[in-house]
Amino acid sequence: MQFDLLAIGLTTIDITVHPVVSLPEGEAGQIVEKIVLSPAGTAGGTALVAQKLGLRTAIASAVGDDPQGELIRSMFDGAGVDTSLLGVDPAWPTSTTVLPIRPNGDRPNWHMMGASVFAPVTNAVFAALARTAAVHWGGAGFPGAAGKGADLLREAQARGIFTSCDLIAPSDAAQADLETLLPHIDLFMPSLAEVRALAGTDDPVEGARRFMARGAGSCLIKMGGEGALLILPDRQIHVPAHRIDPVDTTSCGDSLCAGYIAGRTRGLDHADALRFGVATAAQVALDVGTLGKLESYAATLAFMRDTPVKEESR
C-alpha cells in the first residue's frame with residue numbers, strides 16, 4: 001500500500017471527560033455529559049485526523065500488551081489507518097492520558113508514560129519510506145529513537161519525501177534532539193509556547209527564523225486563539241482563528257498539522273493549506289475527543305469557506 005502520510009512517535013489513548021467542574025469529595029460521584037476514548041498524540045492524533053481527511057495514513061509507534069493497546073489498534077483499524085508498523089512492547093503499558101475538560105475549555109491531565117516513548121525506529125519503518133509521500137515526526141526527545149530520527153528524516157528527504165516535525169513538550173531532551181533533526185525537516189510545527197521555551201523569544205517570526213537558522217526549511221507556528229503563522233524563506237502568512245465556542249482543544253495542534261499536510265497533499269497552495277489546517281483544528285475544538293466534529297475533507301472546505309474568522313490582531 002502507498003501512504004500519503006507516515007506518522008511516527010507519540011501515540012496515546014486519551015480518556016476525555018466533559019465537563020468537569022470540580023473533583024468530587026471523598027468517594028462522591030458526578031454525572032458528566034461525555035466520556036470519550038480516542039487515539040491521540042503527536043503521531044497518533046495526526047494520523048487519525050489525516051485519515052479522516054482522506055489521506056492514506058500509517059502509524060509507526062508502539063503500544064503495550066494491554067487492553068488500551070488493543071483498543072488503539074482496533075480504533076485505528078476501524079478508521080482505516082495502517083497499523084502494520086504499530087508494535088507491541090510488553091515491557092511498557094500503552095501511553096494513556098486522562099483529560100478532565102473544564103466548562104471553560106481548560107484541560108488539565110494525568111498522563112501515564114508508555115510504550116510509544118520507547119518505540120525504536122525499526123528497519124521496517126525505513127523500508128516504508130519507499131511507499132510514502134510525507135513523514136511526520138512526533139517523537140522529538142524520545143529515548144526509543146536512539147538517534148535514528150535524523151537518519152530516517154535524512155533518507156526521507158533524499159527520496160524527495162516531505163518531512164515535518166511537531167513537539168510533545170519543550171523539554172531539554174527535545175531541544176537537544178532538534179539539533180540533529182532540524183536540518184532534515186522541511187516544516188517544523190511548534191506551538192507559540194514551544195517557541196518561547198526553545199527559541200527564547202516571544203516573537204513568533206524571530207523564533208521561526210532561529211529554528212530555520214538551525215536547519216528547518218520553514219516553520220508553522222500554532223498560535224491557539226490567534227490562528228497560525230507560516231514562515232517560509234521568502235514570505236510569511238498569517239491565518240486568524242475561526243469565531244467558535246471551543247469545547248475541547250486537546251488535539252487542536254495535532255489536527256492543525258494534519259490539516260495543513262492534507263491541504264498541501266490535495267494541491268492547495270501554502271495560504272489555502274494553512275487556512276484548511278486552521279479550519280480542521282476549529283472543527284476538532286467543537287466537540288470532545290481527537291476528531292471533535294470533524295467529518296471529511298469536503299466538509300472542512302465548506303467550514304473554511306462559510307465560518308467567519310476573528311479580526312486580524314497582528
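The values are calculated or read from the model by the stated rules, or taken from the named source; none is laboratory data. Computed from a prediction, not measured in an experiment: that's the story for all the values here. Here Cβ is always computed from backbone atoms with ideal geometry, including for glycine, and neighbour counts include all displayed protein chains.
Can you work out which of the residues in region 106-127 that are farther than 30 Å from P19 by Cβ and of a type in the set (S, T, N, Q) is farthest from the chain's Cα centre (by Cα)?
N123
Going by the conditions given, is M75 touching a Ser or Thr at 6+ places or on another chain (Cβ under 9 Å), of a type in the set (A, V, I, L, M, F, W, C), within 17 Å of L10 (Cα to Cα) and free of Cβ contacts under 8 Å to residues at least 24 places away in the same chain?
Working: touching a Ser or Thr at 6+ places or on another chain (Cβ under 9 Å): yes; of a type in the set (A, V, I, L, M, F, W, C): yes; within 17 Å of L10 (Cα to Cα): yes; free of Cβ contacts under 8 Å to residues at least 24 places away in the same chain: no.
Against the criterion (touching a Ser or Thr at 6+ places or on another chain (Cβ under 9 Å), of a type in the set (A, V, I, L, M, F, W, C), within 17 Å of L10 (Cα to Cα) and free of Cβ contacts under 8 Å to residues at least 24 places away in the same chain), M75 does not qualify.
Filter region 286-314 down to the residues that are in contact with a His (Cβ under 9 Å, 6 or more places away or on another chain) and assigned to a helix (DSSP H, G or I) and list them by number.
F303, M304, listed by residue number.
Which count do you get for residues in region 199-216 that are out of contact with any Gly (no Cβ under 9 Å at 6 or more places or on another chain), part of a helix (DSSP H, G or I) and touching a residue at least 12 places away in the same chain (Cβ under 8 Å)?
Result for region 199-216: 6.
Would you pick out the residues in region 69-91 that are surrounded by fewer than 22 Cβ atoms within 10 Å (Cβ to Cβ) and not in a strand (DSSP E or B)?
Matches in region 69-91: E70, L71, R73, S74, M75, D77, G78, A79, G80, D89, P90, A91.
Which pairs turn up if I take residues in region 253-272 that are of a type in the set (S, T, N, Q) and look for partners that are not in a loop (DSSP other than H, G, I, E, B) with beta carbon separation below 6 Å, at least 6 apart in sequence or on another chain?
Qualifying pairs under 6 Å: S255/V49; S255/T280; S255/A281; S255/V284.
Condition (residue is among the β-branched types (V, I, T) and in a helix (DSSP H, G or I)) applied to region 40-61: is it met by at least one residue?
yes
Need the failing condition index for T57 against (1) more than 24 Å from A127 (Cβ to Cβ); (2) surrounded by 15 or more Cβ atoms within 10 Å (Cβ to Cβ); (3) of a type outside the set (G, A, S), just the number.
(1)
Just to verify a result, which residue in region 14-27, among those that are out of contact with any Gly (no Cβ under 8 Å at 6 or more places or on another chain) and among the β-branched types (V, I, T), is surrounded by the fewest Cβ atoms within 10 Å (Cβ to Cβ)?
My answer is V21.
Which residue is surrounded by the fewest Cβ atoms within 10 Å (Cβ to Cβ), if the candidates are limited to region 161-179 and must be in contact (Cβ under 8 Å) with a residue 40 or more places away in the chain and in a loop (DSSP other than H, G, I, E, B)?
I168
Every residue in region 103-126 that is over 16 Å from A169 (Cα atoms), of a type outside the set (G, A, S) and outside any helix (DSSP H, G or I), please.
Those that are over 16 Å from A169 (Cα atoms), of a type outside the set (G, A, S) and outside any helix (DSSP H, G or I): P103, N104, D106, P120, V121, T122.
Just checking, which of L129, L152, L99 is among the hydrophobic types (A, V, I, L, M, F, W, C), crowded, with 21+ Cβ neighbours inside 10 Å, in a helix (DSSP H, G or I) and in contact (Cβ under 8 Å) with a residue 12 or more places away in the chain?
Unique residue meeting the criteria: L152.
List the residue pairs whose Cβ atoms are under 6 Å apart, where the first residue sits in region 180-198 and is outside any helix (DSSP H, G or I), the second is among the aromatic types (F, W, Y), and the two are 6 or more positions apart or on different chains.
What qualifies is D186/F162; F188/F211.
Quick test for you: out of I59, I35, I15, pick the one residue that is under 18 Å from S84 (Cα atoms), modelled with pLDDT of 95 or more and among the β-branched types (V, I, T).
I59
Please specify each residue of region 279-314 satisfying the condition of being under 13 Å from G259 (Cα atoms) and among the small types (G, A, S).
Within region 279-314, A279, A281, A282, S296, A298, A299 meet the criteria.
Looking at region 150-174, which of its residues are at pLDDT below 95 and either more than 19 Å from the chain's Cα centre (by Cα) or not hydroxyl-bearing (S, T, Y) (or both)? Give the steps one after another, and end with the answer.
Taking region 150-174 and keeping what is at pLDDT below 95, we get 167-174.
Across region 150-174, the qualifying residues are L167, I168, A169, P170, D172, A173, A174.
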